[in-house]
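A.B. asks: Dumping the structure here so I can ask a few things about it.
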Amino acid sequence: MIISQTLASGGIWMDLGGTQVLLDPGPGCIVQTTKRHFQPEKLSAVIVSHRHLDHSGDVNVMVEAMTNGGLNPHGVVFAPADALDPEPVLYSYLRKYLKSVVTLAENQSYSIGDVTFTTPVRHIHPVETYGMVFTTPRHTFSYVADTLFFKDITRYYRGELLIINTLFMEPRLTALNLPIQHLSVGDAVHIISELKPKVAILTHFGLNIWQANPIEVAARMSQKTGVRVIAATDGMRFDLSELDD
C-alpha cells in the first residue's frame, strides 16, 4: 500500500484546542500537508510511534518545515529510543532546530502545551512501538498503533474516541509460521467492543481490507460492536466536538 500509494501515508494532523501536533509522518506527509493547506510552522510537536518508514519517512522534512529551515527554532520530536539511536530516523543537524528531542518509554506521561499524552504499554511489534492516550481540556482519546493483539490490551486505552491501526481482514502468518504483528478486523472488533468509545476510526489498511471496501468493513463492525465505526479516507477530518453529543 505504501509503495503504490493506493492510500496516502502522511500520518495524522491534530489540532487540539490550538495546539497542533503531527503523528507518524510517513512518506508523502509534506505533499499531503501542502495539498491540504496546513501550516507546518504552527506545529508544536511531531510524534513518532515507531521507526518503520510508513510512520517516520517524512519526519525530517516535517521538522525542516516546522522550524522554517531552522530560522524559527522550536518544537519537540517524541520517538522511541531505537528510533533515535543507533540508526536515528531524525538527522543530527535538525536537532539544533528543535527545543528538544524526547525519548518515549513505557508507562510515561508527556506534555505539549495544555495537551498531555501517555504511552501506557509497549506494543508487540518488530521495533519499539507505543500507542498513546491523549488528554485535552475537553476530551480524551486513544491511538492504538501497530501491534500484535495481546491479552489485556484494552486495559491501557480509553476515551471517547479510538483510532486503531487495522491492517488485515484475518490474522496472517509469516513464512516461518509466526504471526505477523499487526491487528486484524477481528482483533479490532474485540478491542472496540471492550472499550465502547463513542466513535472508533479505523486506519492503516492493508490491501485485503482495501479490496473488501473499508467503508463496508466499518459498517459491519458497527453492527457487531454497537459503536459508530468509521473507515478513514485520505484527507478525512474528524471534529472532536462530535464527541460532545
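The values are calculated or read from the model by the stated rules, or taken from the named source; none is laboratory data. Bear in mind that the values here come from a model prediction, so they are computed numbers and not experimental data. FYI the Cβ positions are ideal-geometry reconstructions off the backbone, even for glycines, and counts take in every protein chain you see.
A.B. asks: Select from segment 100-119 the residues that are assigned to a strand (DSSP E or B) and in contact (Cβ under 8 Å) with a residue 24 or more places away in the chain and list them in ascending order. Let's see the steps before the verdict.
C.D. replies: Kept after step one, since they are assigned to a strand (DSSP E or B), are these residues of segment 100-119: 100-104, 108-112, 115-119.
Those that are assigned to a strand (DSSP E or B) and in contact (Cβ under 8 Å) with a residue 24 or more places away in the chain: Ser100, Val101, Val102, Thr103, Leu104, Tyr110, Ile112, Val115, Phe117.
A.B. asks: Name the single residue that is nearest to Ile163 (Cα to Cα) among those in segment 120-142 being part of a strand (DSSP E or B) and touching a Lys or Arg at 6+ places or on another chain (Cβ under 8 Å). So that I can check it myself, show each step before the final result.
C.D. replies: Initial filter on segment 120-142 (part of a strand (DSSP E or B)): 122, 130, 132-135, 140-142.
Keeping just the survivors that are touching a Lys or Arg at 6+ places or on another chain (Cβ under 8 Å) gives 130, 133, 140, 142.
Numbers: Tyr130: 13, Val133: 10, Thr140: 12, Ser142: 6 Å.
My answer is Ser142.
A.B. asks: Here's something else I'd like to know. Mind checking which residues of segment 69-126 are among the hydrophobic types (A, V, I, L, M, F, W, C), exposed (fewer than 14 other Cβ atoms within 10 Å of the Cβ) and in contact with a strand residue (DSSP E or B) (Cβ under 8 Å, 6 or more places away or on another chain)?
C.D. replies: Pass one, segment 69-126, residues among the hydrophobic types (A, V, I, L, M, F, W, C): 71, 76-79, 81, 83-84, 89-90, 94, 98, 101-102, 104-105, 112, 115, 117, 121, 124.
Filter again for exposed (fewer than 14 other Cβ atoms within 10 Å of the Cβ), leaving 71, 81, 105.
Selection gives Ala81, Ala105.
A.B. asks: For the structure I just gave you, tell me whether Tyr97 is touching a Pro at 6+ places or on another chain (Cβ under 7 Å), outside any strand (DSSP E or B) and at pLDDT 95 or above. Lay out the reasoning, then the answer.
C.D. replies: Working: touching a Pro at 6+ places or on another chain (Cβ under 7 Å): yes; outside any strand (DSSP E or B): yes; at pLDDT 95 or above: yes.
For Tyr97, the condition - touching a Pro at 6+ places or on another chain (Cβ under 7 Å), outside any strand (DSSP E or B) and at pLDDT 95 or above - is met.
Results for (1) under 27 Å from Leu22 (Cβ atoms); (2) among the β-branched types (Val, Ile, Thr); (3) buried (at least 19 other Cβ atoms within 10 Å of the Cβ), shown as yes or no for each residue.
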site: Thr129; (1), (2), (3): yes, yes, yes
site: Thr136; (1), (2), (3): yes, yes, no
site: Ile164; (1), (2), (3): yes, yes, yes
site: Asp187; (1), (2), (3): yes, no, yes
site: His190; (1), (2), (3): no, no, no
site: Thr203; (1), (2), (3): yes, yes, yes
site: Asn208; (1), (2), (3): no, no, no
site: Ala219; (1), (2), (3): no, no, no
site: Ser222; (1), (2), (3): no, no, no
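A.B. asks: Which of the residues spanning segment 183-214 are under 17 Å from Ile2 (Cβ atoms) and touching a residue at least 40 places away in the same chain (Cβ under 8 Å)?
C.D. replies: Thr203, His204, Phe205, Gly206, Leu207, Asn208, Ile209, Trp210
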